[in-house]
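Here's the structure we're looking at; comments come further down.
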Amino acid sequence: MSAEAPISFAPEPLPVAEDAPPWTVLVVDDDASVHEVTRIALADFEFEGRALRFLNAFSAAQAEALLTEHQDTALVLLDVVMESDHAGLGLVSYVREVLGNHNVRIVLRTGQPGQAPERRVISDYDISDYKTKVELTAGKLYTAVLTALRTFSRLSELDDHRRVAEATARALRRFFPAELLRLLDRPALVDVELGDQQELEMTVVFADIRDFTARAESLSPAACFDFVNRVFVAICPEIRAHGGVIDKFLGDGFLALFPGSADDAARAAVAIQRRIATLELGGPPLRLGIGMHTGRVMIGTVGEPERMEATVLSDDVNLAARVEALTKAFGANVLLSEQTLAHLDRARWATRYIGVVEIAGKRSPTTVYELLDADPAQVRASKEATQASFQEGLVRLAAGEYSRACVRFDQVLAEDPDDEAARLFLRRAAEALLAAVYGRRPS
């Protein structure tokens with residue numbers, strides 16, 4: 001290699017900052033003199049205020065180890081013929097295909113161009129440049145290195161931007177799940193606009209932690225948030241695993257949507273109740289009420305141009321919330337409307353008729369059922385064993401036969417004292433009986 005002076009570029013290179021890390025250049029050649037000449041020719045090289053740091057390998061095998069260890073390598077000056085006629089080309093394949101490193105620039109240098117014809121190498125291998133050692137003067141080496149580092153710098157910047165964009169996208173998905181985008185028929189979040197909406201049939205599920213207010217009174221604000229988040233971390237994956245999407249969190253509860261089938265929602269509800277039973281959070285056993293209703297809902301974006309969110313709007317959404325609220329009165333884990341029951345695979349699920357319920361804001365009463373599959377095995381078995389008496393009690397109560405209704409609900413409670421729904425209906429039947437006898441309800 002000649003002692004030709006390096007080519008000058010304008011503007012002049014920036015001074016090297018003391019804390020600026022050097023560019024890592026790996027020289028791979030089985031000829032020790034090539035390493036020394038390369039170092040001398042590039043001794044004063046600077047780019048973007050950064051000097052060079054040289055790594056040296058005398059075989060492709062050594063180069064593989066160094067590239068694995070030094071992943072910040074910006075440039076490889078690579079001989080083609082070393083321990084084998086195509087060792088250098090094998091290293092190129094290793095870098096691109098095994099290491100998956102597509103940023104590091106590779107300049108092939110060969111003293112035997114016949115061993116690796118230039119046109120085929122440039123066509124078949126991902127390299128930056130191909131030079132014979134005869135033509136690679138100090139000036140051309142300088143140019144090749146500068147060009148390669150400039151490309152590496154731009155690729156690294158693009159990689160940084162890509163990583164930031166991917167991290168931002170992951171963060172945004174926590175606030176606006178990809179499932180909601182699909183429901184809105186929008187390919188990407190940037191395509192969402194205020195007022196976007198779709199009308200779809202789906203099962204709406206509301207869930208709420210029971211007696212949370214009483215539990216929170218004994219907790220600090222930090223402990224309160226920790227408690228709620230531990231619950232959600234445990235149960236929310238069950239929503240996604242069964243085809244649902246969480247529309248929003250509601251303090252100590254959430255609203256979830258199941259666009260696929262009502263059976264998906266039922267499976268999720270059962271899985272959640274089983275997961276709740278395994279949680280050890282301190283204090284009394286955790287209970288979660290779940291209500292579900294199936295119907296037509298409008299899913300869309302609401303707000304204003306600078307602040308919007310996706311939500312669902314319809315009377316069916318309100319009804320699902322009311323069904324969930326009934327779980328408190330009936331002491332049920334999961335309640336569902338007759339519309340949801342109609343969409344279920346009836347042979348798959350065990351349910352109990354709870355009755356026709358007047359719901360605030362609804363002109364027509366709603367028929368409600370309890371999903372027994374969501375109960376612990378012993379509780380479910382007790383409810384199934386007393387189901388005949390329970391159902392007859394409801395029939396007698398609806399018919400105004402309050403005395404007979406009391407007898408039936410007493411029979412249920414004799415076998416299952418923890419049946420809160422039976423206790424509630426017994427009280428109603430007793431109050432109605434007293435009102436019939438005395439002409440008023442007892443104070």
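The values are calculated or read from the model by the stated rules, or taken from the named source; none is laboratory data. Bear in mind the structure is a predicted one, so any value in this text is a computation, not a measurement. Please note: Cβ atoms are built from the backbone with ideal geometry, for glycine as well, and neighbour counts cover all protein chains shown. The area values use the complete protein model at the heavy-atom level, side chains included, leaving out ligands, DNA and RNA. Shrake-Rupley method; radii C 1.70, N 1.55, O 1.52, S 1.80 Å.
Condition first: assigned to a helix (DSSP H, G or I) and either open to solvent by 30 Å² or more (accessible area, probe 1.4 Å) or over 25 Å from ALA321 (Cα atoms) (or both). Can you find one or more residues in segment 196-211 that meet it? So far as segment 196-211 goes, no, none of its residues is assigned to a helix (DSSP H, G or I) and either open to solvent by 30 Å² or more (accessible area, probe 1.4 Å) or over 25 Å from ALA321 (Cα atoms) (or both). The set of residues in segment 429-439 being open to solvent by 20 Å² or more (accessible area, probe 1.4 Å) and out of contact with any Lys or Arg (no Cβ under 6 Å at 6 or more places or on another chain) consists of ALA430, LEU433, LEU434, ALA436, VAL437, TYR438, GLY439.
Residues in segment 339-350 include none that are closer than 19 Å to GLN197 by Cβ and among the charged types (D, E, K, R).
Once segment 329-374 is narrowed to residues that are among the β-branched types (Val, Ile, Thr) and in contact (Cβ under 8 Å) with a residue 60 or more places away in the chain, the residue that is farthest from ASP211 (Cα to Cα) is THR340.
One residue alone among THR340, THR367 is touching a strand residue (DSSP E or B) at 6+ places or on another chain (Cβ under 9 Å) and assigned to a helix (DSSP H, G or I), and that residue is THR340. Selection of segment 235-255 for residues being open to solvent by less than 50 Å² (accessible area, probe 1.4 Å) and not β-branched (Val, Ile, Thr) yields CYS236, GLU238, HIS242, GLY243, GLY244, ASP247, LYS248, ASP252, GLY253, PHE254, LEU255.
Under the condition of being farther than 30 Å from ASP185 by Cβ and without any contact (Cβ under 8 Å) to a residue 12 or more places away in the chain, the residues counted in segment 279-318 number 3.
Take residues that are open to solvent by less than 30 Å² (accessible area, probe 1.4 Å) and among the hydroxyl-bearing types (Ser, Thr, Tyr) and tell me which of the strands (runs of 3 or more DSSP E) falling wholly in segment 16-108 contain 1 or more. Qualifying strands (runs of 3 or more DSSP E): 23-28, 73-79.
None of THR311, THR301 is touching a Leu at 6+ places or on another chain (Cβ under 6 Å), at pLDDT below 90 and polar (S, T, N, Q) except THR301.
For (1) basic (Lys, Arg); (2) closer than 26 Å to LEU99 by Cα; (3) at pLDDT below 90, each residue gets a yes or a no:
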{"site": "ASP19", "(1), (2), (3)": "no, no, yes"}
{"site": "GLU36", "(1), (2), (3)": "no, no, no"}
{"site": "LEU42", "(1), (2), (3)": "no, no, no"}
{"site": "ALA61", "(1), (2), (3)": "no, yes, no"}
{"site": "HIS70", "(1), (2), (3)": "no, yes, no"}
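Do you know which of the residues in segment 313-336 that are touching a strand residue (DSSP E or B) at 6+ places or on another chain (Cβ under 7 Å) and not in a helix (DSSP H, G or I) is most open to solvent (accessible area, probe 1.4 Å)? Applying the filter and picking the extreme gives LEU313. For segment 180-195, filtering for residues that are over 20 Å from GLU304 (Cα atoms), open to solvent by 60 Å² or more (accessible area, probe 1.4 Å) and either among the aromatic types (Phe, Trp, Tyr) or part of a helix (DSSP H, G or I) (or both) leaves 1.
Collect the residues in segment 268-301 that are in a strand (DSSP E or B) and surrounded by fewer than 14 Cβ atoms within 10 Å (Cβ to Cβ), keeping them in residue-number order.
ARG296
Restricting attention to segment 339-374, and to residues there that are of a type in the set (Asp, Glu) and under 19 Å from ALA325 (Cβ atoms), which single residue is surrounded by the most Cβ atoms within 10 Å (Cβ to Cβ)?
That would be GLU370.
The residues of segment 379-428 include none that are open to solvent by 20 Å² or more (accessible area, probe 1.4 Å), in contact (Cβ under 8 Å) with a residue 60 or more places away in the chain and of a type in the set (Gly, Ala, Ser).
Number of residues in segment 235-267 that are assigned to a helix (DSSP H, G or I) and under 14 Å from the mean Cα position of the chain (by Cα): the value is 7. For ALA310, state whether it is surrounded by fewer than 17 Cβ atoms within 10 Å (Cβ to Cβ) and of a type outside the set (Ser, Thr, Tyr). Judged against the criteria, ALA310 is not a match. From THR213, THR203, grab the single residue that is more than 23 Å from the chain's Cα centre (by Cα) and polar (S, T, N, Q). Among THR213, THR203, only THR213 is more than 23 Å from the chain's Cα centre (by Cα) and polar (S, T, N, Q).
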